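Right, one structure below, let's go through it.
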Amino acid sequence: MHDTLTSLVERAIAGHPRPLEFYLREHSGLPGPRANLELANDVSYLLAAAANKHPDTVHSLVNYFATGDRKQVLGNTPAEFIMLCGVIAAGTCAAVQAEWREKTIEMLSHYACSPYGRIREGVATAYQHLLSVDQQLVIASLKQLATEGNYLQQRAAVAAIAESHLLFDPAIVSDAVLLQRVVLENSRRVPAAERKIEDFKILRRALGYTLSIITAAAPEQGFALMRECASWNDDDITWILRENLKKKRLAKFSQDAALIAQLLT
């Protein structure tokens, strides 16, 4: 990691956060097509490394970055990047500070509803950090979002667990398939008029890739779910299935994919 960033994090922990904030803003990459995710991840890991030694200061700093003046934050701006850093850092720090996890999960449930795609992706990343250390707590939270949450919270549930490096554990894979099923079934029941709203479209786009990630990790379960979904004859579910069949990660399952494609014709 860059020596400058390490030094600025140390200064922030010592009570001088503004230079770190200015550095993050300057190197955010925003406005622009891509935020500096490498920097956001680096600062989150540095804060997590300091969390055991300076828990109160790190906790305050993460909250300051994540919350800020939320009503004044605009998308595709350095201010959004500061919030993104705070959201990701909340996950990395709670991964090493167990007593922060429940409050962090509450915060992530809130930020899952952000109007900004980068923040929603940051929420998924933060959940993934927590999943690596506390599956029981996080899976329970994701199941609640999938079952009871709004469209953006359901999106967080399926996106958070659709990460290939997490899907080597059979227990997580089983839960991942279940989450996809719950949200797909929810989507199937949405009235036609309501499917025109943007939040539902955002959820649909997420399902357009998450199902293939889960299926690549658990082909038997994943393709069984896809076959069932194909039988629903629902236009949006059909779109979701076709989008997933386009993904290169399913190319080695050509026969199974061909069967799904045939069912959709």
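The values are calculated or read from the model by the stated rules, or taken from the named source; none is laboratory data. Note that this is a predicted model, so its numbers are computed, not measured. Cβ atoms come from the backbone with ideal geometry, glycine included; neighbour counts cover every protein chain shown.
A single entry from 95, 171 fulfils the requirement of being part of a helix (DSSP H, G or I), over 12 Å from the mean Cα position of the chain (by Cα) and in the same structural domain as residue 206 (by TED's automatic domain parsing): 171.
If only residues of segment 179-206 that are surrounded by fewer than 18 Cβ atoms within 10 Å (Cβ to Cβ), without any contact (Cβ under 8 Å) to a residue 40 or more places away in the chain and assigned to a helix (DSSP H, G or I) are counted, the one that is farthest from the chain's Cα centre (by Cα) is 193.
Considered as a group, the residues in segment 34-54 that are over 18 Å from residue 129 (Cα atoms) and in contact (Cβ under 8 Å) with a residue 40 or more places away in the chain include one that is surrounded by the fewest Cβ atoms within 10 Å (Cβ to Cβ), and that residue is 54. Taking the criterion of being touching a residue at least 24 places away in the same chain (Cβ under 8 Å) and loosely packed, with under 11 Cβ neighbours inside 10 Å, the only residue of segment 15-25 that qualifies is 15.
Of the residues in segment 223-238, at least one is under 27 Å from residue 128 (Cα atoms), surrounded by 15 or more Cβ atoms within 10 Å (Cβ to Cβ) and of a type in the set (Val, Ile, Thr).
Could you count how many residues in segment 207-216 are surrounded by fewer than 22 Cβ atoms within 10 Å (Cβ to Cβ) and in contact with a Phe, Trp or Tyr (Cβ under 9 Å, 6 or more places away or on another chain)?
2
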